[in-house]
Amino acid sequence: MTTTVVRYKVKDGRGDENQALVEAVFAELAERAPDGFRYGTIRLDDGVTFVHVARTESEQNPLNESAAFKAFVEGLPERCAEPPSPTEGSIVGNYGLYG
């Protein structure tokens, strides 16, 4: 099981655009309902910082097969003020966030 956290900031005025692209990813995931995958995204109060948390139970990440995720990633470098900073982590505590 792998837990990955990614944090980045988009440029001023690009937060809503980024959020719409993220929401498209979640809509596609809801349709496909991949097993063994949990994913969440938080937009911080500054409006430009996003934090994504993904937890996979297998070697294959369903985001790699997502057309919406590919569209999100494609324009990310141009939207970012601070590039994505992915890191692996371990869950220390959990109250209802993960099944």
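Using Cα atoms only, what is the angle between the long axis of helix 15-32 and the major principal axis of the chain, expressed in degrees (0 to 90) to the nearest 10?
30 degrees
Which entry in [x] 14.0, 47; [y] 13.5, 37; [z] 16.5, 44 is this structure's computed Rg and Dmax of the Cα atoms in Å?
Derived directly from the coordinates: [y].
Count the net charge of all other residues whose Cβ sits under 12 Å from the Cβ of T2, scoring Lys and Arg as +1 and Asp and Glu as -1.
Local charge sum for T2: -1.
Are there any chymotrypsin sites (Phe, Trp or Tyr not before Pro) in the range 63-99 that are in a DSSP loop and have at most 12 other Cβ atoms within 10 Å? List them by number.
Filter output for the range 63-99: Y95, Y98.
Here, each number is a calculation from the coordinates, and none is a lab measurement. Every value quoted in this text rests on a predicted model; they were computed, and no experiment measured them. Here the Cβ is made from the backbone with ideal geometry for all residues, glycine too, and neighbour counts use every protein chain on show.
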